[in-house]
Amino acid sequence: MECSCSSIFWLTALALLLVLVLKKISHTSTKSLPPGPPGWPVIGNMLDLGGVMPHQTLYKLQLRYGPVMWLQLGSIGTLVVQSAKAAADLFKSHDLAISDRRCPDVVKVHGYNQGAISVCRYGPYWRFVRRLYASELINKQIDGMTVRRKCIDDMIRSIEEETEASRARGGLGEVIVWQSLFLMTFNLMGNLIFSKDLLGSDGKEGHHFLDAMNNIVEWAGKPNVADFLPFLKWVDPQGLRRAASKEMAQALEVVAGFMQEREKERCSEKEKIERDFLDALLESESDEKEGKISYQNIKIIIVEAFFGGTETTSSVLEWTLTELLRKPEIMRKAQGELDSVVGAKSKVEESDIDKLVYLQTIIKETLRLHPSLPLLVPRNTLEDINYMGYWIPKNTQVFVNAWAIGRDPEFWDDPLTFKPERFLDANIDYKGQIFGLIPFGSGRRMCVGMSMAHRVLHLAVASLLHYFDWELDGNIIPETIDMNERSGMAVRKLVPLKAIPRRRRMER
Ligand code: HEM
């Protein structure tokens with residue numbers, strides 16, 4: 001009896017010890033950070049980011065450290081997620097915890113970081129403006145459709161003019177496609193927000209606005225040590241914030257001019273027929289019930305809409321045409337589909353898009369390989385999270401590498417080849433639920449402009465292929481097209497695409 005009591009005692013003690021040891025082990029494992037390259041004192045892994053194309057450097061680093069990686073960027077702990085499976089786990093289990101943003105120092109000027117919803121904190125202001133954005137800018141079906149039609153028609157006209165000008169100069173009719181694509185997206189935003197073209201019109205304001213935007217993008221695209229070593233913020237060692245502040249002031253001033261003009265119109269008896277985004281924003285300025293947007297924030301929201309909606313969309317269009325020129329058989333197949341769906345009609349209509357199944361696969365394939373914002377817009381954790389067995393502390397910056405995820409060999413066969421057919425029998429879209437294809441992000445903070453981008457991309461590519469046959473200019477062959485990237489607001493072609501459009505035999 002004595003013997004069995006002591007065995008029970010010892011067995012219980014042993015079991016307790018085992019539980020304690022297991023608890024300790026599991027506690028330590030949840031407390032461990034993901035693997036990552038060793039860092040230097042003070043700067044940590046800043047040098048591992050590798051300059052202006054961090055998405056490419058990070059993609060290479062995952063060969064060594066796996067799809068979930070930790071970087072210490074100066075004082076900023078950073079989680080990097082680079083596979084479809086890891087992204088699924090992140091967004092499905094921790095979306096709320098990663099709904100905050102980390103805003104780069106260079107745009108913390110004139111209150112931009114508080115007014116712009118892409119970088120502002122997660123909370124009631126973000127929710128209110130995002131709803132307004134969606135209802136008054138993105139999903140305005142009828143007005144939006146007319147405006148898109150007009151801007152696409154203008155784009156085709158501008159390409160024809162450019163090609164004629166080239167011939168008049170003795171050229172082959174080649175055009176730098178980017179210019180017409182960007183003009184289209186810029187004037188599209190101008191029409192949706194201010195009911196007018198900002199470029200190509202008589203006024204100089206649109207050009208001043210564009211110059212300021214381009215300069216801000218230039219400054220924002222440069223790696224800034226003040227982002228990683230906050231004690232340097234007040235010194236602004238590279239002068240980036242000072243430079244961006246000057247340009248932001250100019251952009252905001254141009255917008256203020258348009259707003260004053262509109263306020264005068266609104267006070268006059270003249271009745272305006274179409275209500276645009278500016279009207280909606282000005283109404284919300286005085287809307288006491290729903291919330292209130294300050295005058296300064298209205299200007300900021302407008303600047304942001306141009307940032308969000310122009311270069312992103314036009315860069316995807318340029319990549320699409322580039323990929324098609326590298327694979328002319330895919331371009332011909334898409335034109336064959338257009339001939340059978342749109343036929344002799346002079347214009348592609350938005351109602352044709354659903355029937356253009358092959359064209360849709362081309363857009364998906366382009367977005368897979370060329371997401372405009374390869375690291376999405378960096379998130380920030382609101383609390384500690386236990387993610388895939390790792391402990392990720394509150395206030396961690398999160399990079400989701402959509403560029404690497406689009407090349408994830410676990411998710412995609414032959415991931416580096418442009419092959420739209422891969423989507424034909426696969427039920428894959430980019431609405432943020434299929435984590436191998438997230439060019440617009442996922443979850444609460446995914447792109448609010450996705451449905452607008454979706455319509456514009458399809459209508460523009462369909463129209464470009466319906467109106468024109470495209471050829472490369474004589475010195476370049478498909479195999480030698482430069483596919484290097486450059487970063488700005490969006491990642492686009494380093495060497496702008498030059499191509500020769502030839503009118504297809506079709507009446508307009
Ligand atoms: C091809 C075109 C576009 C691409 C590839 C794109 C991509 C993205 C991505 C990746 C994000 C971050 C999502 C995340 O963190 O999960 C984003 C956010 C955003 N985009 Fe887009 N975008 C495009 C077009 C547009 C357009 C047309 C607009 C508006 C006119 C727009 C406005 C915004 C805004 C305001 C946000 C911030 C959303 C938030 O933080 O709640 N985007 N976009």
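Below are the figures for this structure:
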read-out: Residues being more than 19 Å from the chain's Cα centre (by Cα) and modelled with pLDDT of 95 or more - total across the stretch 91-109; value: 5
read-out: Residue list for the stretch 456-508, restricted to those being part of a helix (DSSP H, G or I) and surrounded by fewer than 17 Cβ atoms within 10 Å (Cβ to Cβ); value: Pro478, Glu479, Thr480
read-out: Qualifying residue in the stretch 61-77 (condition: in contact with an Asp or Glu (Cβ under 9 Å, 6 or more places away or on another chain) and of a type in the set (D, E, K, R)); value: no
read-out: Elements of type helices (runs of 4 or more DSSP H) contained in the stretch 73-155, each with 1 or more residues being touching a Pro at 6+ places or on another chain (Cβ under 6 Å), among the small types (Gly, Ala, Ser) and away from the ligand (no atom under 11 Å from the Cβ); value: 84-94
read-out: Residue selected from the stretch 455-478 under the condition more than 30 Å from Met189 (Cβ to Cβ) and β-branched (Val, Ile, Thr), by the criterion nearest to the ligand (Cβ to nearest atom); value: Ile476
read-out: Condition met for Gly441 (touching a Phe, Trp or Tyr at 6+ places or on another chain (Cβ under 8 Å), within 16 Å of the ligand (Cβ to nearest atom), in contact (Cβ under 8 Å) with a residue 60 or more places away in the chain and not in a helix (DSSP H, G or I)); value: no
read-out: Total residues in the stretch 164-181, condition crowded, with 22+ Cβ neighbours inside 10 Å, in contact (Cβ under 8 Å) with a residue 60 or more places away in the chain and part of a helix (DSSP H, G or I); value: 2
read-out: Pair list, Cβ under 7 Å, 6 or more apart: the stretch 254-266 residue of a type in the set (D, E, K, R), other residue not in a helix (DSSP H, G or I); value: Glu265/Lys272
read-out: Sole residue being over 12 Å from Phe306 (Cα atoms) and either in contact with a Pro (Cβ under 7 Å, 6 or more places away or on another chain) or surrounded by fewer than 15 Cβ atoms within 10 Å (Cβ to Cβ) (or both), chosen from Lys233, Lys204; value: Lys204
read-out: Of the criteria (1) within 16 Å of the ligand (Cβ to nearest atom); (2) among the aromatic types (Phe, Trp, Tyr); (3) more than 30 Å from Gly239 (Cβ to Cβ), which one Tyr59 fails; value: (1)
read-out: Matching residues, the stretch 57-72, being surrounded by fewer than 17 Cβ atoms within 10 Å (Cβ to Cβ) and not in a loop (DSSP other than H, G, I, E, B); value: Thr57, Lys60, Leu63, Arg64
read-out: Number of the exception - Met452 against (1) assigned to a loop (DSSP other than H, G, I, E, B); (2) within 12 Å of the ligand (Cβ to nearest atom); value: (1)
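The values are calculated or read from the model by the stated rules, or taken from the named source; none is laboratory data. These numbers come from a predicted model, not from an experiment. Neighbour counts are summed over all protein chains in view; Cβ atoms, including those assigned to glycine, are modelled from backbone coordinates with ideal geometry.
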